[in-house]
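Below you'll find the structure, written out as structure tokens, and then a few comments.
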């Protein structure tokens, strides 16, 4: 049964001030209602005054999504009552959005490139936020926080081109990366992205799932909804056309069959704002390098493998970090260490790439390049740096750590005693090797590695062991 | 700076909702002049009720742009004047604070909705006042009370701080006893404000020459047609005749779109109002009731209790006009009619410099006389075209009928506020005031 998914994605733009007033958008660590003014509180008599930077940001998005930008866009009022909506209407765009008919390439389930069509892109203001006081499903009352009221949002609507929850998730991730490359969005901001998903089984009714507010939530909500719809169909019933809410904590969607869902928004043009001439404006915008172009550049000018290039460029901060540390002189070594080793260690610590000291990392790469430490030793150095950074300390330099942990790749003869010890304590393995079992050498090298705590190069150890026990003629 | 008040004292015509003596002093073009401010214009520290119960207890934390401007020029504020609730009316009877009486005849209405501002000026309580005009709300009371009132071109005066009734139609404007005073107040309040995106930076340069030689005046037949009291029409024709004697010439013309103007106006203003007035839900300001109940119930109770009958009627009309399935039939059609009105004016203005006619079809009617809302709406027929087209229009007194003032309305090309005031000035001088 084919699954058909379309998304409506709301992203908070990272302008310094709100969409229609001068209040700061940096409210997340501040008490409620401290980033407000008469305009974003909707006090009687106030008028919206458009933040042109927000339009510029939104146009960057429209351009990056290959959209057709309209000659003129127009703000409209979406009328509905809700306690977090200070004016009783939301200023948005309706029949004259910024842009239509775009597309974004993502990686499909089968690994090929897939084009997801973008229906439209428009701007709107965020409402405030309700905080419910009291327990669970029956709060005693609600408080309103208007700090969020008036934050600029961009809404991106896709055609129903997505075919699985994984694909939807990948679309969102690709979009996030693109928006971050454009410098208009910060995916780490809590609540900065909200998704409504339209989902149906082939020839079935469309169900709208609202209220998805995390990256993981998209996949979870869709997976749940597909199972639910399949079960309905399996029981011989038909899926009802409805709006459902996603309850993140429980991972389920529930029907929202309450009165406030049956809206007639009574859209009409916002009389307090003039139409925006956006086509020419957009033509003048020069976009920064986007992920696809950067991937090509990483491959072409650094020789980075396609898979490493995809990983690196899939995260703006990671790609920037790579470009910072590529000065170590060995791009392929740098790519491997950033995309594989560092990324894993950073995920493990739930740490931001921005907190990794690039200078230290370059020095580490140089030590590796000069083979002054082994790969294993390098990982230990990296872990020490990350742990110290995570604790908020100024990390020690790689050289200091190497010396402290005695990780320096010692000169061959320094391991003489270790080799002798291994050979003497494992006569059976030695005998096996001499009898022509080459895998016995691996065992001996392992023993030696253990005793040198990883400071030695395994290849070097193998050579030395072979020398010590005399060849069987079998080449290692 | 804090308002000194509340001030009580004689207010025989119930012109004020709040009286105060806010005299910041200081020098400027309005130094020492006390100005009355319509109660839908925000004043920091002075309650601003819009004539409505729903805003009881609300004191704005900020000043409207025009209020900042007049204070900066040394004016004081004498108080906040009575009005039809949220500007919805043509008689100042629809106020939660009781009707205002016409100083020319206290048994009659002062017109509306800026009736308090006009009465305060006409009664000599203040030399100047600020009003707002959505469909005639400055010109109507100016005509009924026998003073001068200007509705500026759309976009000429900042609306920042004016509690919106119908954003695309309304402007704040000056009322005073003479054209010169109106011109002075206009010069101050028209200064640019980037907070109003519909405003342009077009400084007002007063130009009162009193010279009308060669001026071409259009007098559309529709402004003297059915529904216009013949005596009022006669008064106005005489006034236009006086301008002719001073060298102007009258060009006959017609304005067919007048047939749809009133309908276009009421659909537009009620639609916008239904949206503008949605914010009065009791959450942030107004009646401090306990609203810890399902929000549907709380909103319904606050709004049912707070809004008067006419406001509720217009909210319902506007909500209907914007509804899915009716938008095209009402709102969209009204906008088309509105464009026709603008086109008609543009066509007429190719041949004339100003258009003249009566401001109101009748003189002031008796308090309580018009009980049917439709007959009240009909009295706006001559004033709404200027709002639909965004052109400047002034009402200047031109004699009396049965002892009651008549207003001569002069409309001009978009942004030619200076010209309509100059023509009004010429008439005022010629009439030997």
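Could you tell me whether residue B:352 is part of a loop (DSSP other than H, G, I, E, B), more than 24 Å from residue B:417 (Cα to Cα), away from chain A (no Cβ under 11 Å) and within 26 Å of the chain's Cα centre (by Cα)?
In short, no.
Where residues in the stretch A:37-78 are part of a strand (DSSP E or B) and within 13 Å of another protein chain (Cβ to nearest Cβ), which of them is surrounded by the fewest Cβ atoms within 10 Å (Cβ to Cβ)?
For the stretch A:37-78, the residue satisfying everything is A:78.
Scan A:176, A:115 and give me the residue that is in contact with a strand residue (DSSP E or B) (Cβ under 9 Å, 6 or more places away or on another chain), more than 14 Å from chain B (Cβ to nearest Cβ) and crowded, with 20+ Cβ neighbours inside 10 Å.
Result: A:176 is the single residue among A:176, A:115 that is in contact with a strand residue (DSSP E or B) (Cβ under 9 Å, 6 or more places away or on another chain), more than 14 Å from chain B (Cβ to nearest Cβ) and crowded, with 20+ Cβ neighbours inside 10 Å.
Which one of these is in a strand (DSSP E or B) and within 14 Å of chain B (Cβ to nearest Cβ): A:157, A:131?
Only one candidate qualifies: A:131.
What number goes with the only condition from (1) over 30 Å from residue A:84 (Cβ atoms); (2) in contact (Cβ under 8 Å) with a residue 12 or more places away in the chain; (3) in a helix (DSSP H, G or I) that residue B:241 does not pass?
Condition (2) is where residue B:241 drops out.
Output the residues belonging to the stretch A:83-97 that are touching a helix residue (DSSP H, G or I) at 6+ places or on another chain (Cβ under 9 Å) and either part of a strand (DSSP E or B) or modelled with pLDDT under 95 (or both).
A:83, A:89, listed by residue number.
Collect the residues in the stretch B:265-281 that are closer than 15 Å to residue B:135 by Cβ and surrounded by 24 or more Cβ atoms within 10 Å (Cβ to Cβ), keeping them in residue-number order.
Selection gives B:265, B:267, B:268, B:269, B:270, B:271, B:272, B:273, B:276.
Quick one: which residue in B:112, B:161, B:135 is away from chain A (no Cβ under 14 Å), surrounded by 24 or more Cβ atoms within 10 Å (Cβ to Cβ), touching a helix residue (DSSP H, G or I) at 6+ places or on another chain (Cβ under 9 Å) and closer than 20 Å to residue B:48 by Cα?
Just a single option satisfies the conditions, and that option is B:112.
Residue A:332 passes all but one of (1) in the same structural domain as residue A:347 (by TED's automatic domain parsing); (2) not in a helix (DSSP H, G or I); which number fails?
(2)
Consider the stretch B:12-29. How many of its residues are in contact with a strand residue (DSSP E or B) (Cβ under 8 Å, 6 or more places away or on another chain), part of a loop (DSSP other than H, G, I, E, B) and at pLDDT 95 or above?
2
Return the residues of the stretch B:269-286 that are at the interface with another protein chain (Cβ under 9 Å from one of its Cβ atoms) and in a helix (DSSP H, G or I); say none if nothing qualifies.
Selection gives B:271, B:272, B:274, B:275, B:276, B:277, B:278, B:279.
Quick one: residue B:364 ticks every box in (1) within 22 Å of residue B:106 (Cα to Cα); (2) modelled with pLDDT under 95 except a single one, so which number is it?
Result: residue B:364 passes all but (2).
Can you name every residue in the stretch B:196-211 that is closer than 20 Å to residue B:71 by Cβ and surrounded by fewer than 18 Cβ atoms within 10 Å (Cβ to Cβ)?
Result: B:203, single match.
Please go through the stretch A:79-95 and pick out each residue that is surrounded by fewer than 18 Cβ atoms within 10 Å (Cβ to Cβ) and closer than 29 Å to residue A:280 by Cβ.
Within the stretch A:79-95, A:94, A:95 meet the criteria.
Which members of the stretch A:179-195 meet the condition of being out of contact with any helix residue (DSSP H, G or I) (no Cβ under 6 Å at 6 or more places or on another chain), part of a strand (DSSP E or B) and either surrounded by 20 or more Cβ atoms within 10 Å (Cβ to Cβ) or at positive phi (or both)?
Once the filter is applied, which keeps residues that are out of contact with any helix residue (DSSP H, G or I) (no Cβ under 6 Å at 6 or more places or on another chain), part of a strand (DSSP E or B) and either surrounded by 20 or more Cβ atoms within 10 Å (Cβ to Cβ) or at positive phi (or both), the stretch A:179-195 yields only A:193.
Among the residues of the stretch A:196-211, which ones are in contact with a helix residue (DSSP H, G or I) (Cβ under 8 Å, 6 or more places away or on another chain), over 29 Å from residue A:28 (Cα atoms) and not in a loop (DSSP other than H, G, I, E, B)?
A:199, A:200, A:201, A:207
Taking the stretch B:333-349 only, how many residues are assigned to a helix (DSSP H, G or I), in contact (Cβ under 8 Å) with a residue 60 or more places away in the chain and surrounded by 14 or more Cβ atoms within 10 Å (Cβ to Cβ)?
The qualifying residues number 10.
Residues are listed down the side, and each one gets a yes or a no for (1) away from chain A (no Cβ under 14 Å); (2) in a helix (DSSP H, G or I):
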{"residue": "B:168", "(1), (2)": "no, no"}
{"residue": "B:174", "(1), (2)": "yes, no"}
{"residue": "B:183", "(1), (2)": "yes, yes"}
{"residue": "B:192", "(1), (2)": "no, no"}
{"residue": "B:196", "(1), (2)": "no, no"}
{"residue": "B:202", "(1), (2)": "yes, no"}
{"residue": "B:227", "(1), (2)": "yes, no"}
{"residue": "B:231", "(1), (2)": "yes, yes"}
{"residue": "B:237", "(1), (2)": "yes, yes"}
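In the set B:297, B:289, which member is more than 7 Å from every other protein chain (Cβ to nearest Cβ), over 20 Å from residue B:132 (Cα atoms) and part of a helix (DSSP H, G or I)?
It is B:297.
So which residues in the stretch B:127-155 are closer than 24 Å to residue A:21 by Cβ and over 13 Å from the mean Cα position of the chain (by Cα), if there are any at all?
Once the filter is applied, which keeps residues that are closer than 24 Å to residue A:21 by Cβ and over 13 Å from the mean Cα position of the chain (by Cα), the stretch B:127-155 yields only B:155.
Residue-wise test of (1) closer than 19 Å to residue A:333 by Cα; (2) touching a strand residue (DSSP E or B) at 6+ places or on another chain (Cβ under 8 Å); (3) assigned to a helix (DSSP H, G or I); (4) outside the structural domain of residue A:342 (by TED's automatic domain parsing).
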| residue | (1), (2), (3), (4) |
| --- | --- |
| A:380 | yes, no, yes, no |
| A:395 | no, no, no, no |
| A:431 | no, no, yes, yes |
| A:437 | no, no, no, yes |
| A:446 | no, no, yes, yes |
| A:455 | no, no, no, yes |
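For (1) at negative phi; (2) in contact with a helix residue (DSSP H, G or I) (Cβ under 8 Å, 6 or more places away or on another chain); (3) buried (at least 24 other Cβ atoms within 10 Å of the Cβ), each residue gets a yes or a no:
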| site | (1), (2), (3) |
| --- | --- |
| B:85 | yes, yes, yes |
| B:89 | no, yes, yes |
| B:118 | yes, yes, yes |
| B:148 | yes, yes, yes |
| B:152 | yes, yes, yes |
| B:170 | yes, yes, yes |
| B:175 | yes, yes, yes |
| B:179 | yes, yes, yes |
| B:191 | yes, yes, no |
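Condition check: in contact (Cβ under 8 Å) with a residue 12 or more places away in the chain, in contact with a helix residue (DSSP H, G or I) (Cβ under 9 Å, 6 or more places away or on another chain) and over 22 Å from residue A:12 (Cβ atoms). Does residue A:240 satisfy that?
yes
Just to check your reading of the model, which residue among A:454, A:412, A:416 is over 30 Å from residue A:385 (Cβ atoms) and either surrounded by fewer than 20 Cβ atoms within 10 Å (Cβ to Cβ) or modelled with pLDDT under 80 (or both)?
Step by step, each of A:454, A:412, A:416 is checked, and only A:416 is over 30 Å from residue A:385 (Cβ atoms) and either surrounded by fewer than 20 Cβ atoms within 10 Å (Cβ to Cβ) or modelled with pLDDT under 80 (or both).
Regarding the stretch B:104-121, can at least one residue be identified that is within 28 Å of residue A:37 (Cβ to Cβ) and touching a strand residue (DSSP E or B) at 6+ places or on another chain (Cβ under 6 Å)?
Scanning the stretch B:104-121, I find no residue that is within 28 Å of residue A:37 (Cβ to Cβ) and touching a strand residue (DSSP E or B) at 6+ places or on another chain (Cβ under 6 Å), so the answer is no.
Identify all residues within the stretch B:300-332 that are within 21 Å of residue B:269 (Cβ to Cβ), within 10 Å of another protein chain (Cβ to nearest Cβ) and not in a loop (DSSP other than H, G, I, E, B); write none if there are none.
Those that are within 21 Å of residue B:269 (Cβ to Cβ), within 10 Å of another protein chain (Cβ to nearest Cβ) and not in a loop (DSSP other than H, G, I, E, B): B:303, B:318, B:319, B:320, B:321, B:331, B:332.
The values are calculated or read from the model by the stated rules, or taken from the named source; none is laboratory data. Owing to the predicted nature of the structure, the values given are computational and were not obtained by experimental measurement. Methodologically, a virtual Cβ is constructed for each residue, glycine included, from the backbone with ideal geometry; neighbour enumeration extends over all protein chains shown.
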